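**Student:** The structure follows.
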Amino acid sequence: MTKADLIKALAERAGLSRRQAEAFLAAFEDIVKEELAKHGEFRLSGFGRLIARMQKPRKVNLFGSGKVKMTQPKPAVRFKAAKALLEAVAKYFA
């Protein structure tokens, strides 16, 4: 599902105009970014949580020269699915 598909689905299910759904999604994205920046975690019951963390440095092979280099630590976001979401996805594979 693309962002455009999500906006369309939000508009249909919530009875909103396309512009209202787009504004809602933009506001939601901003809130998630702000919460991750402030508190390092965003939790949505029944869906899951996003956790901001620093990715550890790791070794990478430089194929052209054959050397090994360490990467720099960098910010990353991890998603941990809620039990309800995992159960819903399990039905897809059943």
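The numbers here are math on the coordinates, done by the rules we state, and not lab data. The shown structure was predicted, so the numbers you read here are calculated from the model rather than taken from an experiment. We place every Cβ from the backbone using ideal geometry, glycine too, and count neighbours over all the protein chains shown.
**Student:** If you compute Cα extents along the principal axes in Å for the structure shown, which of [x] 52, 26, 15; [y] 57, 35, 30; [z] 79, 28, 17 do you land on?
**Tutor:** Checked against the structure: label [y].
**Student:** What list do you get for Thr71, Thr2 if you sort them by fewest beta carbons within 10 Å?
**Tutor:** Thr2, Thr71
**Student:** For segment 29-44, take each phi angle, set θ = phi - 60°, evaluate the Karplus expression 6.51 cos²θ - 1.76 cosθ + 1.60, and give the result in whole Hz per residue in order, putting x for glycine and proline.
**Tutor:** 4, 5, 4, 4, 4, 5, 5, 5, 5, 7, 10, x, 7, 10, 10, 10
**Student:** When Arg18, Arg58 are ordered from fewest to most other Cβ atoms inside 10 Å of their Cβ, what list results?
**Tutor:** So the ranking, lowest neighbour count to highest, is Arg58, Arg18.
**Student:** Oh, and also: What number of lysine-lysine pairs in the chain show an alpha-carbon separation below 17 angstrom, given a sequence spacing of 8 or more or placement on distinct chains?
**Tutor:** Qualifying lysine pairs in the chain: 9.
**Student:** Another question, if that's okay. What ³J(HN,Hα) values, in whole Hz, does the Karplus curve 6.51 cos²θ - 1.76 cosθ + 1.60 give for segment 58-66 when θ = phi - 60°, with x put for Gly and Pro?
**Tutor:** Going residue by residue, I get 9, 7, 10, 8, 8, 5, x, 9, x Hz, with x marking Gly and Pro.
**Student:** Let me ask you something else. Note down the nm distance, to one decimal, between modelled labels 7 Å out along Cα→Cβ at Val60 and at Gln20.
**Tutor:** So the label points at Val60 and Gln20 sit 4.6 nm apart.
**Student:** If you take every residue apart from Ala14 with its C-beta less than 14 Å away from the C-beta of Ala14, what net charge results, scoring Lys and Arg +1 and Asp and Glu -1?
**Tutor:** +2
**Student:** Further question: Compute, for segment 1-82, the length of the dipole vector about the Cα centre, with Cβ point charges of +1 (Lys, Arg) and -1 (Asp, Glu) only. Units Debye, rounded to 20.
**Tutor:** Computed charge dipole of segment 1-82: roughly 640 debye.
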